[in-house]
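Heads up: the structure comes next, in structure tokens.
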Amino acid sequence: MGFFDFILGAKKHQVEAYLKNGAIILDVRTQREWEAGHIENAIHIPLDELKNRVDEVKQLAKPIIACCASGVRSAKAAKFLNLNNIAATNGGGWVNLKKRL
């Protein structure tokens, strides 16, 4: 098992653990990207709106799996949510996440 396999495997297990705890998928892509396709039942809050809408996420009272197109924006979203005392993890790109669900 290589380093990247270790990291990706850890991420996969973390997403699975979040799902077992009733996590909500949060898609942080733009409106245009969302309209082109998304995970069913995901919540959509674009990354640039997340700061102003963090209370909406807190009210969900569930762990969050953030996703985007590639995993970069969702990593930023997860970090921001964690800093705001919301359990969140980076689910990466939405297409790959959808395949794992």
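Any read-out appearing in this document is the output of simple, stated calculations on the displayed coordinates, not a laboratory observation. Bear in mind the structure is a predicted one, so any value in this text is a computation, not a measurement. We place every Cβ from the backbone using ideal geometry, glycine too, and count neighbours over all the protein chains shown.
Hey, can you grab everything whose amide H is under 5 Å from the amide H of Ile25? Only 5+ residues off in sequence or another chain; H modelled, so Pro and N-termini drop out.
Amide H to amide H, under 5 Å and 5 or more residues apart or across chains, Ile25 pairs with Ile43, Ile65.
Could you please report the charge total around Leu47, scoring K, R as +1 and D, E as -1 over all other residues with beta-carbon less than 13 angstrom from its beta-carbon?
+2
Residue by residue through region 80-87, which ³J(HN,Hα) values in whole Hz follow from phi under the Karplus form 6.51 cos²θ - 1.76 cosθ + 1.60 (θ = phi - 60°), with glycine and proline marked x?
4, 5, 4, 5, 9, 6, 10, 5
Tally Lys and Arg at +1 and Asp and Glu at -1 over the other residues with C-beta under 11 Å from the C-beta of Gln31: what net charge comes out?
-3
Per residue of region 20-29, what does 6.51 cos²θ - 1.76 cosθ + 1.60 with θ = phi - 60° give for ³J(HN,Hα)? Whole Hz please, x for Gly and Pro, Karplus curve as stated.
Karplus values, whole Hz, x for Gly and Pro: 5, 9, x, 4, 9, 7, 10, 8, 9, 6.
How large is ³J(HN,Hα) for each residue in region 51-65, as worked out from phi by the Karplus curve 6.51 cos²θ - 1.76 cosθ + 1.60 (θ = phi - 60°), to whole Hz, x for Gly and Pro?
Rounded to whole hertz, the list is 4, 7, 10, 4, 5, 4, 5, 4, 5, 5, 6, 9, x, 10, 10.
Longer than 20 Å from Cα to Cα, which of Lys58/Lys98; Lys20/Lys76; Lys58/Lys79; Lys20/Lys99; Lys51/Lys79; Lys51/Lys76 are they? Say none if no pair is.
Exceeds cut-off: Lys58/Lys98; Lys20/Lys76.
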